[in-house]
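Colleague: Got a structure for you, written out below as structure tokens; questions coming shortly.
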Amino acid sequence: MSILTHPTDQATRNRAFNCRMRNRHYEEVYYAFRALKPIINQQNLEADRKAWFAAIGVKINRCEVSLETCLEYAQAAIFFGKSEKINLFSKDKRWGILQEEILLVYFLIELQSTLRYILTRIETDKMLQSLDKSIQSQTNEVHESGFISNLQKNLNALNETTAQEFRDLHTHIEDRFAIGNALFGTLQELQHFY
């Protein structure tokens, strides 16, 4: 059982620093994600599918690196998993932890999971494309009506759905950011650390 106490001077300085850094990196995450939109919305990907996935991968990686840093600061700001606890904002208007800060941590964890899923899907797609090219290079007219033909049809169907899946995930993340931005706005409005 932990006792809620007034934070030490060092803890309050650390909290203020962590909140400022969380805010800075949250903005980086958001702008990195927004930079993805023009790439995601590209149409007619058949000709340059590999470049499209590479561009998405670069943007998602940049977003994920900023997100990792943001999450670390967000967790440190609320003493996530630490033995020293701070009162909630309702009891300590100066240094208290807002419920929105706790929700923001969970939002960032969910966002990180989604971004990692997309990165894994890109890697899987690269392997499938490599397999498809290998099959095509080994296929001759004798195999066209057999098992290989059906496998290639399935790979082509998968290719067609992957682009739409990424667009759907992007829309899902945009909707999540609407919630995250509202939380972030509340934090910006209520937290004024000196």
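Each value in this text was obtained by applying a stated rule to the coordinates, not by laboratory testing. Treat the numbers as computed from the prediction; the structure is a model and nothing was measured. Counting neighbours? That spans all protein chains shown, and the Cβs are built from the backbone with ideal geometry, glycine included.
Colleague: As I understand it, the dipole of the range 22-73 uses +1 on the Cβ of Lys and Arg and -1 on the Cβ of Asp and Glu, about the Cα centre. Which of 43, 63, 30 lies farthest toward its positive end?
Modeller: It is 43, whose Cα lies furthest towards the positive end.
Colleague: For residue 54 and residue 24, FRET efficiency with R0 = 25 Å and r from the beta-carbon atoms, rounded to 0.05?
Modeller: My answer for the efficiency is 0.35.
Colleague: How high is the FRET efficiency between residue 120 and residue 91 when r is their beta carbon distance and R₀ equals 30 Å, given to the nearest 0.05?
Modeller: E between residue 120 and residue 91, to the nearest 0.05, is 0.10.
Colleague: Using the Karplus equation 6.51 cos²θ - 1.76 cosθ + 1.60 (θ = phi - 60°), what ³J(HN,Hα) coupling, rounded to whole Hz, does each residue of the range 60-65 give in order, writing x for Gly and Pro?
Modeller: In residue order, the calculated couplings are 5, 4, 4, 5, 5, 5 Hz.
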